[in-house]
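I'd like to ask you about the structure that follows.
The values are calculated or read from the model by the stated rules, or taken from the named source; none is laboratory data. Computed from a predicted model, the values in this text were never measured in an experiment. In this analysis, Cβ positions are derived from the backbone assuming ideal geometry, glycine residues included, and neighbour counts consider all displayed protein chains. The protein model used for the area step is the full one, side chains on, heavy atoms only, and it has no ligands, DNA or RNA in it. Shrake-Rupley method; radii C 1.70, N 1.55, O 1.52, S 1.80 Å.
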Amino acid sequence: MTRSRRMLVTSALPYANGSIHLGHLVEYIQTDIWVRFQRSRGHEVHYVCATDAHGTPTMLRARELGITPEELVEKVRREHERDLRSFGVDFDNFYSTHSPETEHYVHDIYRKLSERGHIECRAVNQAYDSVENMFLPDRFVRGTCPHCGATDQPGDACENCGRVNTPKDLLEPVSVLSGSTPVYKDSEHFFFRLGEFEAFLRDWIATAPLDESVRNKLQEWFAKGLADWDISRDAPYFGFKIPETTDKYFYVWLDAPVGYFGSFAQYAARTGLDVGHFLDAESGCELYHFIGKDIVYFHALFWPAVLHGAGYRPPTAVFAHGFLTVNGEKMSKTRGTFINGATYRDRLDPTYLRYYYATKLSAGIDDIDLNLDDFVSRVNSDLVGKFVNIASRSAGFLTKHFDSELAGELHDAPLYQRFVDAIEPLAELYENREFAKAQRRIMALADEANQYVDTHKPWTLLKDADRKADVQLIATQALNMFRALAIFLSPVLPDVADKARALFAENSWTWTSGATPLLSTQINAFEPLLTRLDNKVVDEVVAASAESLPSAAPAPTNAPENPMDTATIGIDTFRQVDMRVARIASAAFVDGADKLLRLTLDLGPLGERQVFAGIRQHYAPEQLVGKLTVCVANLAPRKMRFGVSEGMVLAASDDDGVFLLSPDSGATPGTAVS
């Protein structure tokens with residue numbers, strides 16, 4: 001009998017500026033599987049989450065929509081909760097960090113840190129947008145990385161070479177809000193003295209059950225030295241105001257994790273739980289955070305130190321996972337593999353995704369890949385062909401020939417014992433988040449169950465009156481093995497497990513319910529549990545997720561049939577197009593864009609221009625450097641999410657590809673093309 005445990009479990013908070021997508025769902029499904037397993041073991045588990053509300057992006061997005069930040073956050077919170085619950089993620093509470101409960105705990109933590117001398121106030125010289133009249137977060141300044149020369153990089157870390165920068169380090173920095181060059185002004189900020197907690201953090205990291213790669217990464221940060229952490233931001237800012245100030249707000253990364261406690265407090269108020277008991281290190285309760293590997297720094301350094309400094313309990317463990325790739329690559333809007341949860345849910349059963357993720361997830365932080373062909377194959381082979389097939393081929397024998405009654409004994413008790421013997425080893429795998437290993441072992445048992453039915457061929461025995469009784473024994477054996485498998489899969493496939501339990505007319509299962517076979521009782525009629533997954537439906541999801549491209553203008557109703565006949569423009573209109581010879585000074589891939597290359601064009605006396613060109617599939621960057629081409633030099637700048645495009649290069653295309661237009665080699669950059 002396992003000791004009953006009391007746990008508070010959280011998943012990282014989805015931010016209020018976007019919808020839930022399949023990458024997010026890796027974490028929520030991973031957490032939910034673990035929580036459901038713990039509950040099946042009889043433990044008391046409380047699972048909470050919230051929408052991460054605060055920060056400059058939320059404020060600006062609300063301004064763009066013409067609504068208040070509070071209205072935006074509540075709208076997004078409802079959407080987040082709806083989408084996550086539709087994938088079977090069974091939160092006890094899903095809230096918002098913009099709440100009175102979170103504000104209470106933020107103030108309490110800050111007050112205690114301040115009283116104990118862990119907060120320092122000092123002046124900071126930082127980027128300021130004189131057009132927007134506001135200080136700029138580091139990521140709101142973009143420019144050229146001084147280390148690798150990559151353009152359009154944010155002011156905190158280069159996305160190309162990974163080096164840490166500050167806005168001051170960037171070459172040719174611009175504000176993403178106005179496009180203006182930032183100026184620098186002093187402002188008073190509040191700092192948390194993280195370095196004071198190095199000894200505590202080293203002890204905590206040494207004893208907490210962290211993945212070894214996470215532990216090693218944290219050691220690297222110790223080697224660099226733990227810098228004081230700026231926990232304040234200047235107005236205007238959407239967040240909680242720092243007490244005794246008029247224009248200072250808590251940085252979102254201070255109050256966001258406190259939102260775990262705020263959500264739990266709202267839930268506890270409804271249910272009568274003692275919040276303080278779960279936040280007390282001496283109570284014996286456990287605190288677990290599931291996060292992505294990109295936010296380990298905040299959850300495994302800042303957060304434990306802040307909690308300890310304020311007299312709160314540190315986490316029992318922080319469990320990190322890797323990122324999601326689709327078909328071996330980053331999720332892509334142009335390929336249709338950046339898939340929102342709602343787009344998937346409207347066309348496909350979330351059960352399929354829960355199972356596929358489970359077959360990929362381990363305790364480590366390696367990225368996992370959603371290969372769409374393998375996804376279809378694995379679901380159809382494992383879930384339909386192996387698992388569901390056991391019940392669908394066996395239940396009918398009892399319904400049609402034995403009044404739906406299970407036999408009073410098993411046909412092969414030693415075989416069933418193999419399923420019983422798997423209960424604790426599988427429990428250990430689930431406990432340690434080795435879900436992929438667990439699914440492999442479960443499917444190996446499913447293979448044994450199917451082999452058993454194939455060997456004994458009950459459909460053949462029905463033809464022999466003397467062997468008919470054996471059919472009831474064989475079906476009973478098969479259905480009990482199916483029942484054990486359904487219990488093992490219940491954390492992963494809760495909806496299917498509910499339907500399977502209804503087949504056996506049972507009200508509930510625990511993790512060990514399969515230790516005792518179900519005999520001499522009636523079952524209900526078998527209802528289909530899952531249907532085969534069709535590649536066409538997956539293709540529809542991809543098509544629905546593809547980034548829409550601007551379509552060509554419709555042809556006039558009197559358009560000529562000859563495709564070479566085109567609409568005409570006057571010579572005066574044509575003369576307005578300023579075409580110039582340009583030399584491609586540099587070319588680079590654009591991270592997150594599958595068709596674009598970023599070109600720096602040298603137009604001689606007209607200077608340099610940055611242009612984004614959709615030619616990535618036809619040219620490698622190194623093929624283009626030094627090449628002459630033709631540029632439309634008076635095209636209005638276009639702001640894209642990758643940066644500003646300041647012109648257009650001319651190209652021709654046919655069925656064989658795309659070809660840049662190039663003048664003769666003697667042409668001079670900046671020369672007009674006529």
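Just to confirm a number: summing +1 for Lys and Arg and -1 for Asp and Glu over residues other than Gln439 whose beta-carbon lies under 14 angstrom from that of Gln439, what do you get?
+4
Which three extents, in whole angstrom, do the alpha-carbon atoms of segment 252-343 cover along their principal axes, largest first?
Projected onto its principal axes, the Cα set of segment 252-343 covers 50, 31, 25 Å.
Across every pair of different alpha-carbon atoms, what Kirkwood hydrodynamic radius in Å does segment 453-534 reach?
14.1
Report in % the part of the accessible area of segment 437-480 that belongs to carbon and sulfur, leaving out ligands and nucleic acids; probe 1.4 Å.
50
Any idea how far the Cα center of segment 218-245 sits from the one of segment 87-147, in Å?
7
Let me ask something else about it. What are the extents of the Cα atoms of segment 1-133 along their three principal axes, in Å, largest first?
The Cα atoms of segment 1-133 stretch 64, 42, 24 Å along the principal axes, largest first.
For the charge dipole of segment 324-429, defined by +1 on Lys and Arg C-beta atoms and -1 on Asp and Glu C-beta atoms about the Cα centroid, which residue among Gly364, Ala391, Gly328 has the Cα displaced farthest towards the positive pole?
Gly328
Now a separate question. Every cysteine in the chain with no other Cys Cβ under 4.7 Å from its Cβ, please list them in numeric order.
Cys49, Cys121, Cys285, Cys631, each lacking another Cys Cβ under 4.7 Å.
List the extent of the Cα atoms of segment 195-271 along each of their three principal axes, largest first, rounded to whole Å.
Rounded to whole Å, the extents work out to 39, 37, 19 Å.
Under 14 Å from the Cβ of Leu426, count the other residues' Cβ atoms, weight Lys and Arg +1, Asp and Glu -1, and hand me the total.
+2
Amide H to amide H, which residues 5 or more places from His189 or on other chains are under 5 Å from it, using H placed in the peptide plane?
Those qualifying (amide H under 5 Å, at least 5 residues apart or on another chain) are Arg122, Ala123, Val124.
Toward the positive end of the charge dipole of segment 42-168, about the Cα centre and with charges on Cβ (Lys, Arg +1; Asp, Glu -1), which of Val141, His98, Gly42 goes farthest?
Checking the options against the dipole of segment 42-168, the answer is Val141.
Separation of segment 458-491 and segment 19-53 by C-alpha centroid, Å?
Each part reduced to its Cα centre gives a spacing of 35 Å.
While we're on this one: I need two numbers for segment 368-441: Rg to one decimal and Dmax as a whole number, Cα atoms only, in Å.
16.6, 47
Next question. In segment 178-228, how does Rg compare with the Kirkwood Rh, expressed as the Rg/Rh ratio over alpha carbon atoms?
1.23
Still on this structure, please answer the following. Please state the charge dipole magnitude for the chain, taken about the Cα centre, from unit charges on C-beta atoms (+1 on K and R, -1 on D and E), reported in debye and rounded to the nearest 20.
360
Determine one quarter of the surface area of the Cα convex hull of segment 226-287, which equals its mean projected area, and express it in nm² to one decimal.
With the hull built on Cα positions only, its mean projection is 6.4 nm².
Further question: What is the Rg over Rh value, at two decimals, for segment 292-379, using alpha-carbon atoms and the Kirkwood definition of Rh?
Result: Rg/Rh = 1.11.
Let me ask you something else. Suppose all protein chains stay in the model; what accessible area per residue would a 1.4 Å probe give for the chain, in Å²?
The answer is 45 Å² per residue.
Now for a different question. Place a +1 charge on the Cβ of each Lys and Arg in segment 74-165 and a -1 charge on the Cβ of each Asp and Glu, then give the dipole magnitude about the Cα centre in debye, rounded to the nearest 20.
180
Using amide H atoms built in the peptide plane, which far-off residues or other-chain residues are under 5 Å from Ala208 H to H?
For Ala208, no residues qualify.
I'd like the projected area of segment 1-64, averaged over all directions, using the convex hull of its alpha carbons. Report it in nm² with one decimal.
5.1
Run through segment 1-94 and list the trypsin sites (Lys or Arg not before Pro) located in a DSSP loop whose Cβ has at most 11 other Cβ atoms within 10 Å.
Arg3
Then there's this: Taking the Kirkwood radius as the inverse of the mean 1/r across Cα pairs, report the Rg/Rh of segment 321-455.
1.06
Binning every alpha carbon pair distance of the chain at 20 Å from zero, what are the percents per bin?
15, 40, 30, 13, 1
For Lys241, list the aspartates and glutamates whose Cα falls under 16 Å from its own Cα; do not include residues on the same chain fewer than 8 positions away.
Within the straight-line cut-off, Lys241 pairs with Glu70, Glu101, Glu103, Asp108, Glu188, Asp230, Asp255.
What aspartates and glutamates could a cross-link reach from Lys360, if we take a straight Cα to Cα line under 13 Å and drop same-chain neighbours fewer than 8 places away?
Glu27, Asp369, Asp374, Glu434
Go through Ala633, Ala444, Gly276 and say which Cα lies farthest out towards the positive end of the charge dipole of the chain; charges sit on Cβ, +1 for Lys and Arg, -1 for Asp and Glu.
Ala444
Can you tell me what the convex hull of the Cα atoms of segment 121-244 projects to on average, as an area in nm²?
For segment 121-244, averaging the hull's shadow over all directions gives 9.7 nm².
What do you get when you divide the Cα radius of gyration of segment 386-515 by 2.2 N^0.38 Å, with N the number of residues?
1.05
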